[in-house]
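Engineer: Shown below is the structure under consideration.
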Amino acid sequence: MSHDNDFPENHDAPRTRTHARPRPAKKPLAAQEGQRIPTRRADEHAYPVETPGRSSEPRAPRAQVPTDSRAPHNHAPGKPHSSRNQIPVAQTSTSRPSKTVFAIAGACVALALVLFGVVHWQSTRPIDIMVNGQELQLPRAATVNDAFEAAGSPATAGNMLDIDGELLQEGSGTAYTATLDGQELDPTTAAGTPLDGHTSIDFANGVDVEEPSNTAENQPIAHGVQDVGHGPLHIVTQKGQDGSGTIKTGQVSGKQQVIEVMNDPVDTVMKRCYPDTQGEKVVALTFDDGPWDDTNELLDVLRDNGAKATFFTVGNRISGNGVDTVKREVAEGHQVATHTWDHAAGDGQSVNLSYMSAEQQREEITKGFQAIEDATGQKPSFVMRAPGGNFPTEVWSNVEDLVVADIGWDVDTTDWKRPEASRIAAELMRITPGDIVLMHDGGGNRENTIEGLRIALPKLVQDGWRFVTIDELMKYPTKDN
């Protein structure tokens, strides 16, 4: 049978159906011919298979397979003959996961949950540990410090000491000493040590620590002062000199400690001694606290008896008429030295330079010297008398470059108490060779002092005594007693 009338002349032209006509379902050509159905590529179109009863629905154009109408048609006997070549339609289906896959996945999830639970339990369950003989239960992540707090802080902290080993701050040492399973921990790092895996810990009191410090090389090493001997002349017999070396300085206390000495320091030696006049009747009269209103009258008495004296002046008194008085003292051969600027007023309480700061001490002396130089136009004698006679070694070490000697006394007439003139005269009459006599020309009314001099001086001069200045007395050799 020929089906040529079913195709238009132009096989490539689109076919338009005006009405549908039921057709029997056909098997794919390959199936008709007993051949394997080729697999359709992913980029080929799949067309639905015609089924009876649905021919009224529009159909998509079918792909045309060019054929040679002259070629013979081969088909199996007994099979319906088809005059058209049809493209086989590949049928697809969506596969569903098997029950085995779901079972395996569920088992994995369950196992993961069990493992997580075990790990979590292991990491969070508490630990039992003996703390100073007491059984405590602590979190697994607990540290030594947690155990210390849980046990009620059963130890006392150590202290901080300065670099000389003296107490500086209580409770500033290590908090405690800890022994973990018989092994003592470093007190400075023990706090954060974990307790997991240990069975016991014991706490004891903390240890003392030294304050933090700095160490520097080639630093000056301060020299000291040696105060030796006894006597009214306090003379520096050896000038001090700083050494050098490695110094440790406490950051809290500020103390310094010599670690290594490169050059030894040389101490200042302040010698207390007596002038050795070899029995010569030589005496030094000294007057403190002037110039004053009575000073000129006192100068008249000295002049009349040919006696020289040393005046330890208060610097702030050298003004006005005081300037002229000081000039007269120098002109008549007396020595003018300093008794400080204002007798250590203020912090010195008018009696002691050691109560003052180092800067104040130096200012008291330098201003006292300057007042004398301003009044006389001459450099003063660099000896002095400290207020109250208080001149300890710490003051010496601070001002040793300013003075050559501090002058004390052997005989105190106690005229500062204003006794009767006869008593002052009696004190003057008991002098011995080389003595230094303490009197006052300032600080108040000194008429009894002047009268006592009028009584005693003529007798002493007649007895062969000679009255010299401190500078003159210091030219004599010295002795220790």
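Engineer: For the range 393-410, which positions are in contact with a strand residue (DSSP E or B) (Cβ under 8 Å, 6 or more places away or on another chain), open to solvent by 40 Å² or more (accessible area, probe 1.4 Å) and not in a helix (DSSP H, G or I)?
Structural biologist: Across the range 393-410, the qualifying residues are V404, W409, D410.
Engineer: Report yes if some residue within the range 130-142 is within 11 Å of E210 (Cα to Cα) and either among the acidic types (D, E) or open to solvent by 60 Å² or more (accessible area, probe 1.4 Å) (or both); otherwise report no.
Structural biologist: no
Engineer: Same structure again: What's the number of the condition T338 fails, among (1) of a type outside the set (A, V, I, L, M, F, W, C); (2) without any contact (Cβ under 8 Å) to a residue 60 or more places away in the chain; (3) surrounded by fewer than 24 Cβ atoms within 10 Å (Cβ to Cβ); (4) more than 21 Å from A425 (Cβ to Cβ)?
Structural biologist: Single failed check for T338: (3).
Engineer: Residues that are within 30 Å of T249 (Cα to Cα), within 33 Å of the chain's Cα centre (by Cα) and in a strand (DSSP E or B): does the range 195-209 have at least one?
Structural biologist: Yes - at least one qualifying residue is present in the range 195-209.
Engineer: Now a separate question. Being assigned to a strand (DSSP E or B), surrounded by 15 or more Cβ atoms within 10 Å (Cβ to Cβ), touching a residue at least 12 places away in the same chain (Cβ under 8 Å) and not aliphatic (A, V, I, L, M): is that true of H223 here?
Structural biologist: It is false that H223 is assigned to a strand (DSSP E or B), surrounded by 15 or more Cβ atoms within 10 Å (Cβ to Cβ), touching a residue at least 12 places away in the same chain (Cβ under 8 Å) and not aliphatic (A, V, I, L, M).
Engineer: Look at the range 378-426 and say how many of its residues are in contact with a His (Cβ under 9 Å, 6 or more places away or on another chain) and basic (K, R).
Structural biologist: 1
Engineer: Ok, one more. For the range 364-373, indicate whether the set of residues that are within 37 Å of the chain's Cα centre (by Cα) and closer than 24 Å to W409 by Cα is non-empty.
Structural biologist: The answer is yes; a qualifying residue exists.
Engineer: Any residue at all in the range 297-310 that's closer than 24 Å to V399 by Cα and in contact (Cβ under 8 Å) with a residue 60 or more places away in the chain? Full working, then the answer.
Structural biologist: Step one: of the range 297-310, the residues closer than 24 Å to V399 by Cα are 310.
Cutting the leftovers down to in contact (Cβ under 8 Å) with a residue 60 or more places away in the chain gives us 310.
Within the range 297-310, one or more residues are closer than 24 Å to V399 by Cα and in contact (Cβ under 8 Å) with a residue 60 or more places away in the chain.
Engineer: Further, regarding this structure: Condition (residue is part of a loop (DSSP other than H, G, I, E, B), over 26 Å from V437 (Cα atoms) and aliphatic (A, V, I, L, M)) applied to the range 354-375: is it met by at least one residue? Give the steps one after another, and end with the answer.
Structural biologist: Of the range 354-375, the ones part of a loop (DSSP other than H, G, I, E, B) are 356-357.
Imposing the further condition that a residue be over 26 Å from V437 (Cα atoms) reduces the set to 356-357.
From what is left, the residues that are aliphatic (A, V, I, L, M) are 356.
Yes - at least one qualifying residue is present in the range 354-375.
Engineer: Among (1) of a type in the set (S, T, N, Q); (2) surrounded by fewer than 24 Cβ atoms within 10 Å (Cβ to Cβ); (3) in contact (Cβ under 8 Å) with a residue 40 or more places away in the chain, which single condition is Q349 missing?
Structural biologist: (3)
Engineer: If you don't mind, there's one more thing I want to ask. Return the total of residues in the range 137-162 being outside any loop (DSSP other than H, G, I, E, B), without any contact (Cβ under 8 Å) to a residue 60 or more places away in the chain and not polar (S, T, N, Q).
Structural biologist: 8
The values are calculated or read from the model by the stated rules, or taken from the named source; none is laboratory data. Owing to the predicted nature of the structure, the values given are computational and were not obtained by experimental measurement. In this analysis, Cβ positions are derived from the backbone assuming ideal geometry, glycine residues included, and neighbour counts consider all displayed protein chains. With ligands, DNA and RNA removed, areas are computed over all heavy atoms of the protein, side chains included. Shrake-Rupley method; radii C 1.70, N 1.55, O 1.52, S 1.80 Å.
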